Amino acid sequence: MQKQKVIVICGPTASGKTALSIELAKQINGEIVSCDSMQIYKDMDIGTAKPTIDEMQGIKHYLIDFVLPDQRYSVADFKNDAKKAIKEILEKGKTPIIVGGTGLYVDSLIYEIEYQDTKFDEEYRNKLERIADEEGLDKLYEEAKKIDEKAIEKISKNDKKRILRILEIYHATGKNKTQQEIESRKKEVEYDYHVYALNWNREKLYERINKRVDIMIDQGLIDEVKTVYEKYSKFPTAMQGLGYKEVVEYLENKLTKEEMIEKIKQETRRYAKRQMTWFRKNKQTIWLDGENKIQNNIKIILEGLN
């Protein structure tokens, strides 16, 4: 029996995924499933570059704006929710378009990786948080490196959320994240995923990133962070997200406004570089030129579906 087709549009931050996917959805009667680990959060719109109602142009989007910033949301949760959304779209006779830059989320679908939803141990998490505060995140990074060298290669030394996750998975299961992924890839992939990624000349992409950060500041990113910071009693994991943690440092007088803006730009450029590396390792990815007209890239996608 022939598998049903699902389109995936991925690539680095600020590469034009939103505009391409919405135009494509309009032309092929599609609906969009967001594949972004930050756009899931409520009250966090500017810093996550969440598409506005106007930008969506009437195209239904799934998995955006539905998790509170102080709630935990795992890759296993995403895979489960994304599969439900894909099924719902197909049952309507429409085409699902998965869109986003979170590599782990993309891989969970296209490789059918089963991530064990490990039980959260609050006591252990608090212990790790204490070590990070008192002895520095570097110590935990080195510990995670000993446990899972392959997984740590893809992670920045400042990425507290993912460093802690490697340690928590090992603590809960006795297996590292890489071992779990290898074991879980044995399941047959349910859909026929057509994976596309937007490629850019590095300097031009970095220009787009810098410009986007300036726009976010103008749109009120600082006030957005203040609101989330004050609204949720527990310091949300979501606030470790790119752009948010730097504004928190500014609000705590650890950075000047200029330093904060420059740090967001720098960290976002680094993140984009890691995203490109991640998506390049997916052998089935077809690369589209980000500078191409949207219609030209849509033509390439449609030819690949036939």
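The values are calculated or read from the model by the stated rules, or taken from the named source; none is laboratory data. Since this is a predicted model, take the numbers as computed values, not measurements. We place every Cβ from the backbone using ideal geometry, glycine too, and count neighbours over all the protein chains shown.
Every residue in segment 292-306 that is surrounded by fewer than 13 Cβ atoms within 10 Å (Cβ to Cβ) and in a loop (DSSP other than H, G, I, E, B), please. Of everything in segment 292-306, those that are surrounded by fewer than 13 Cβ atoms within 10 Å (Cβ to Cβ) and in a loop (DSSP other than H, G, I, E, B) turn out to be K293, N306. Residues in segment 221-254 that are surrounded by 14 or more Cβ atoms within 10 Å (Cβ to Cβ) and either of a type in the set (S, T, N, Q) or assigned by TED's automatic domain parsing to the domain that holds K17 (or both): T237, Q240. Only one entry in Y124, Y141 is in contact with a helix residue (DSSP H, G or I) (Cβ under 8 Å, 6 or more places away or on another chain), surrounded by fewer than 17 Cβ atoms within 10 Å (Cβ to Cβ) and among the hydroxyl-bearing types (S, T, Y), namely Y124. Note on segment 58-96: among residues that are of a type in the set (A, V, I, L, M), under 16 Å from the mean Cα position of the chain (by Cα) and under 23 Å from I46 (Cβ atoms), the one that is surrounded by the most Cβ atoms within 10 Å (Cβ to Cβ) is L63. Does at least one position in segment 97-117 carry a residue that is in the same structural domain as K281 (by TED's automatic domain parsing), exposed (fewer than 15 other Cβ atoms within 10 Å of the Cβ) and modelled with pLDDT of 95 or more? No, that holds for no residue. The residues of segment 247-272 that are closer than 27 Å to L104 by Cβ and in contact (Cβ under 8 Å) with a residue 24 or more places away in the chain, listed by number, are V247, I264, K265, E267, T268, R269, R270, Y271, A272.
Residues that are under 13 Å from the mean Cα position of the chain (by Cα), of a type in the set (S, T, Y) and under 23 Å from L288 (Cβ atoms) occur at least once in segment 20-36. Taking only pairs six or more apart or across chains, which ones have beta-carbon atoms under 7 Å, a first residue in segment 143-166 that is within 22 Å of P69 (Cβ to Cβ) and at pLDDT 80 or above, and a second residue that is among the β-branched types (V, I, T) and not in a helix (DSSP H, G or I)? If the second residue must be among the β-branched types (V, I, T) and not in a helix (DSSP H, G or I), the pairs left are I163/I155. For segment 29-46, the condition holds for no residue, the condition being that it is of a type in the set (V, I, T), modelled with pLDDT of 95 or more and assigned to a helix (DSSP H, G or I). Kindly provide the set of residues from segment 183-201 that are exposed (fewer than 13 other Cβ atoms within 10 Å of the Cβ) and modelled with pLDDT of 95 or more, ordered by number. Scanning segment 183-201 gives D192, N201.
Applying the criterion of being outside any helix (DSSP H, G or I) and modelled with pLDDT under 95 to the residues of segment 255-284, the residue that is surrounded by the most Cβ atoms within 10 Å (Cβ to Cβ) is N282.
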